[in-house]
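Chemist: Before I ask anything, let me first share the structure, which is written out below as structure tokens.
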Amino acid sequence: MSTTPRIQINTSRLHQHIHDLSQIGKIGETGVCRLALSKEDREGVELVKQWMEEAGMEAHIDPFANLVGMLKGRNPDAPVLMLGSHIDSQPYGGRFDGAIGVLGAIEVVQTLVDSGQTPECDIEVVAFCDEEGCRFNKGLFGVRGMTGKLEDNELERMDKSGITRREALIAFGCDPADFEGYVFQQGRIGTFLELHIEQGPVLEALDAPIGIVTGISGPLWLTVEMTGFAGHAGSVPMSMRHDALLGCAKIIVALNELVQQVPDAPTVGTVGSLTVFPDSRNIIPEKVSFTIDLRDIDLARRNALETELLSVIENVSREHGLTYTIREDTNSEPRYCAGWIMQFLREEAGEMGFSPPELMSGPFHDSLAMSHVCDYGMIFVRCLEGISHNPKEFASPDDITLGTELLYRTARRIALEIPGSQAR
Ligand SMILES: [Zn+2]
């Protein structure tokens, strides 16, 4: 860093907002629990709504329970610039996940308004409902609702205490009967920008306060079941065994090696869940079921790895006399950030005296759903040791300030200089 950038946003207001929101649903010293559509979530939404109004926006809660603030621009026909993230949290969550994206976006609008600048297009700031998905076991609810991507029976999904999403929405004051009128029309949103903590250790390792996201890598999720033959661990000679766990172990090792074939590629592969039958110390394992999570920003490379992995599974099974089945649970494609937005981010960061590293996002965000309806860009803020979904989650005020300042400068440029969406 050569120079200290001149910060135009109001940092004390931003950090006060982050602090005040973290007091709602507070657990321990630094954690939060604001489950989607809970009483705490509602309290958070009301407080954030008030800040939207103080920033000069008209705010409302839509039937999907998204909180939407609007600032009118000069040209009502210009595609909207949308900014936002989420304020719901995991049950044992941190103060920054999602929150900085919403509060940073409000700060962007308030800075524009305070400095007497009127955007060309409308700006909307959204706190999307239920990004986390932990309560009803399916995330990105609000953003998928708004973009017309809800699936059948989603309203009947139940939480642990038997409350359906429909009931929770109604208790929150939202009427699912009104959904249709609030799905936004194709082309209405021109650009979406999201500021988020990285939730990983890459920026910290690079000693960089902020980063420009290149895209969100969609995961391939498989469940593999391998079947051999049980036998006495003391009597069956090694050459005569059909040990399903041994086969699985070879596949775990092979996956780990496969994803590291290309040095410096962001490819990751994980076996995170494993069940063994009959799970006894003196029986040769007969059946093993395990999950595979494979991610890459390059879909062609991910597909090639999948093919290699399938042939490893085939070969290992043949070698050990096992049969197997593979179930595909999820197969989402990577979604790339718009090149022109990344260029704006680079240039604006350059003005601030930075050249942030560019990295992909392994986790998904509200941006993933927005990527299907408009161009999007993301800014990551470094977080301590990559810890997230944990009360220990921490991002420094200075880093959040820089991320928000970059969000402000980029949003201002889009909102002031680009009537329509010629930038595409
Ligand atoms: Zn988040």
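Chemist: Read through the list (1) free of Cβ contacts under 8 Å to residues at least 24 places away in the same chain; (2) surrounded by 16 or more Cβ atoms within 10 Å (Cβ to Cβ), then give the number of the only condition that ARG318 fails.
Modeler: Of (1) free of Cβ contacts under 8 Å to residues at least 24 places away in the same chain; (2) surrounded by 16 or more Cβ atoms within 10 Å (Cβ to Cβ), only one is false for ARG318: (2).
Chemist: Also: Six or more apart or on different chains, Cβ atoms under 9 Å: show the pairs whose first residue is in region 186-202 and assigned to a loop (DSSP other than H, G, I, E, B) and whose second is away from the ligand (no atom under 11 Å from the Cβ) and among the polar types (S, T, N, Q).
Modeler: GLY187/SER421
Chemist: Any chance region 305-328 includes a residue that's at pLDDT below 95, under 17 Å from the mean Cα position of the chain (by Cα) and closer than 26 Å to GLU225 by Cα?
Modeler: No, there is no match, as no residue in region 305-328 is at pLDDT below 95, under 17 Å from the mean Cα position of the chain (by Cα) and closer than 26 Å to GLU225 by Cα.
Chemist: So PHE192 ticks every box in (1) more than 16 Å from the ligand (Cβ to nearest atom); (2) modelled with pLDDT of 95 or more; (3) within 23 Å of the chain's Cα centre (by Cα) but one. Which box is left unticked?
Modeler: Of (1) more than 16 Å from the ligand (Cβ to nearest atom); (2) modelled with pLDDT of 95 or more; (3) within 23 Å of the chain's Cα centre (by Cα), only one is false for PHE192: (1).
Chemist: Here's a follow-up. Can you name the residue in region 378-419 that is small (Gly, Ala, Ser) and within 16 Å of the ligand (Cβ to nearest atom) and, of all such residues, is surrounded by the fewest Cβ atoms within 10 Å (Cβ to Cβ)?
Modeler: Among residues in region 378-419 that are small (Gly, Ala, Ser) and within 16 Å of the ligand (Cβ to nearest atom), the one surrounded by the fewest Cβ atoms within 10 Å (Cβ to Cβ) is GLY386.
Chemist: Within the group GLU385, GLU405, GLU348, which residue is touching a residue at least 12 places away in the same chain (Cβ under 8 Å), of a type outside the set (Lys, Arg), under 23 Å from GLN90 (Cα atoms) and assigned by TED's automatic domain parsing to the domain that holds CYS121?
Modeler: So the residue among GLU385, GLU405, GLU348 that is touching a residue at least 12 places away in the same chain (Cβ under 8 Å), of a type outside the set (Lys, Arg), under 23 Å from GLN90 (Cα atoms) and assigned by TED's automatic domain parsing to the domain that holds CYS121 is GLU385.
Chemist: Is it true that GLY228 is modelled with pLDDT under 95 and touching a Pro at 6+ places or on another chain (Cβ under 9 Å)?
Modeler: no
Chemist: Restricting attention to region 161-170, does a residue exist that is closer than 23 Å to ASN66 by Cβ, aliphatic (A, V, I, L, M) and part of a loop (DSSP other than H, G, I, E, B)?
Modeler: Scanning region 161-170 turns up at least one residue that is closer than 23 Å to ASN66 by Cβ, aliphatic (A, V, I, L, M) and part of a loop (DSSP other than H, G, I, E, B).
Chemist: Mind listing just one residue for me: the one in region 24-34 that is touching a Gly at 6+ places or on another chain (Cβ under 8 Å) and among the hydrophobic types (A, V, I, L, M, F, W, C) and, of those, farthest from GLY173 (Cα to Cα)?
Modeler: Checked region 24-34; the qualifying residue farthest from GLY173 (Cα to Cα) is VAL32.
Chemist: Among the candidates GLU43, GLU29, which residue alone is at pLDDT below 95 and either acidic (Asp, Glu) or not in a loop (DSSP other than H, G, I, E, B) (or both)?
Modeler: Only one candidate passes the filter, namely GLU29.
Chemist: How about region 51-155: which strands (runs of 3 or more DSSP E) wholly inside it have at least 1 residues that are surrounded by 24 or more Cβ atoms within 10 Å (Cβ to Cβ) and within 16 Å of the ligand (Cβ to nearest atom)?
Modeler: Filter on region 51-155 gives 67-71, 80-86, 123-128.
Chemist: Right, next: Within region 307-343, can you find the residues that are under 30 Å from CYS374 (Cα atoms) and part of a loop (DSSP other than H, G, I, E, B)?
Modeler: SER332, GLU333, PRO334, CYS337, ALA338, listed by residue number.
Chemist: How many residues are in contact with a strand residue (DSSP E or B) (Cβ under 8 Å, 6 or more places away or on another chain) and acidic (Asp, Glu) if we restrict to region 164-179?
Modeler: Matching residues across region 164-179 total 0.
Chemist: Looking only at residues that are touching a Cys at 6+ places or on another chain (Cβ under 8 Å) and not hydrophobic (A, V, I, L, M, F, W, C) in region 207-227, which one is nearest to THR275 (Cα to Cα)?
Modeler: Once the filter is applied, the top-ranked residue is GLY215.
Chemist: I'd like the residue in region 56-106 that is charged (D, E, K, R) and more than 23 Å from GLU198 (Cα to Cα) and, out of all such residues, is nearest to the chain's Cα centre (by Cα).
Modeler: Here the residue is ASP62.
Chemist: Has region 355-378 got any residue that is in contact with a helix residue (DSSP H, G or I) (Cβ under 8 Å, 6 or more places away or on another chain), modelled with pLDDT of 95 or more, aliphatic (A, V, I, L, M) and assigned to a strand (DSSP E or B)?
Modeler: yes
Chemist: So if I check each of PRO176, PRO237, which one is in contact (Cβ under 8 Å) with a residue 40 or more places away in the chain and surrounded by fewer than 20 Cβ atoms within 10 Å (Cβ to Cβ)?
Modeler: Residue meeting the stated conditions: PRO176.
Chemist: Oh, and also: Do you know which residues across region 156-173 are closer than 23 Å to VAL48 by Cα and either crowded, with 23+ Cβ neighbours inside 10 Å or of a type in the set (A, V, I, L, M) (or both)?
Modeler: ARG165, ALA168, LEU169, ILE170, ALA171
Chemist: On to the next question. Which of the residues spanning region 195-218 are more than 30 Å from MET352 (Cβ to Cβ) and within 16 Å of the ligand (Cβ to nearest atom)?
Modeler: Within region 195-218, no residue meets the criteria.
The values are calculated or read from the model by the stated rules, or taken from the named source; none is laboratory data. Just so it is clear, the model here is predicted, and its values are computed rather than measured. Please note: Cβ atoms are built from the backbone with ideal geometry, for glycine as well, and neighbour counts cover all protein chains shown.
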